[in-house]
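Values in this text are rule-based calculations from the coordinates and carry no lab data. Just so it is clear, the model here is predicted, and its values are computed rather than measured. Cβ coordinates were reconstructed from backbone atoms using ideal geometry, including for glycine residues, and neighbour counts include every protein chain displayed.
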Amino acid sequence: MHVLDVGEMAQLFVKAFKLVAIFATACVVLEVIFPAYRYSFASYIRGARNWIIRIGCGTLIWHFYALGLKWLGVKPLVTINFGALLHSNNPIANTGFAVLSGVLVAIAGDFFYYWMHRAQHAVPFLWRLHATHHSIRELTAWNCNHHISEPFVYAAFVALPLALIHFESGVVPVAAMALITFQAHLSHSSTRFNLGPLRYLIGDNKFHRIHHSTEFHHRHKNYGFFTTVWDTIFRTAYWPKTNEWPEVGMRNQPEPLTVRDFIMFPFDQRRWRKAKAGSGTQGIKTGGLNAVERDGPIHSDRSSAI
Ligand SMILES: [Zn+2]
Ligand SMILES: [Zn+2]
């Protein structure tokens, strides 16, 4: 691996963007057929633009992360072998086991994600970076980006611990990756299509919508992403009612619309000062994040389709 192999990175970028485009667009089809809310067309364009920026930065960050692991000689401490499961003579059983193994890997990975996410809501600096994602008001399968710095946090809290566990099979990480990418888009999708009772195991859009909610009783809930089991175990799960589809975003923090605002969101002192001044309750903090920046109704210009 070269220090800066442009060709290799371009390939990685195209591969990652293809995956995003396929799953996000599949969810948009659901948003059109079974809409929960219809958001502006501009928000979809904005979402696609931000994905290009984020994947571009992510490709660079993950490239140097892989180089760093190699230079430091980080090796797995534990090996989990799924090989025996995946060598059945029956192709249907093989596929079933591949998906099952992918789900198991994703659930294990989500344990680290869950605690990273709680830290992002508890540590003020991490919250500023993460708030870029929470500021989105027109939340859809395309318009659901995190800040470009997210891979740094993810590398430290999730990828590094997972690098110490080796999964003995080529198919498992591929299946887990595909499931997690689909999940990322479905969880933000503004569609009435959801996973129903399967939600008690796998997170979906109804479950994750609560995490983005501006309503007081939804605060500090539903941190898990792929699975809901860690929220159940650590008592942060909130199970949405049949027609519960709350407003999302941050009350005094508008969604960044331009590229500059998207990149500078965490560091724009004027934006954060304005948010505090607008709240009128400066200094009230709950678990590291200013409660007034997230609570209360917001006024978006969406048109309801329910
Ligand atoms: Zn969050
Ligand atoms: Zn989210």
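Using the average count of surrounding beta-carbon atoms within 10 Å as a protection proxy, the listed peptides 178-188, 31-41 rank, highest first, as 178-188, 31-41.
The overall shape of the stretch 13-113, judged from the alpha-carbon gyration tensor, is oblate: a/c is not under 1.5, and a/b is no greater than b/c. Extension gain for the segment Ala42 to Ile92, taken as residue separation times 0.36 nm less the Cα-Cα distance, is 13.7 nm to one decimal. Here the Karplus curve 6.51 cos²θ - 1.76 cosθ + 1.60, taken at θ = phi - 60°, turns the phi angles of the stretch 18-35 into couplings of 4, 4, 4, 4, 5, 6, 5, 5, 4, 5, 5, 4, 5, 5, 7, 6, 10, x Hz, with x standing for Gly and Pro. Note on Lys241 and Lys15: their simple-model spin labels are 4.7 nm apart, each label 7 Å out from Cα toward Cβ. When peptides 219-232, 138-151 are sorted by average Cβ neighbour count within 10 Å, with the highest value leading, the order is 138-151, 219-232.
Put simply, the amide H of Met250, placed in the peptide plane, has no neighbours under 5 Å, leaving out anything fewer than 5 places away on its chain.
Across the stretch 254-270, coupling constants 3J(HN,Hα) worked out from phi with the 6.51/-1.76/1.60 Karplus curve, θ = phi - 60°, read x, 4, x, 9, 9, 4, 4, 5, 5, 6, 8, 2, x, 9, 7, 4, 4 Hz, and Gly and Pro carry x. Annotation: amide H of Ile80 within the under-5 Å range of His166, Phe167, Glu168, sequence separation 5 or more or interchain, hydrogens built in the peptide plane.
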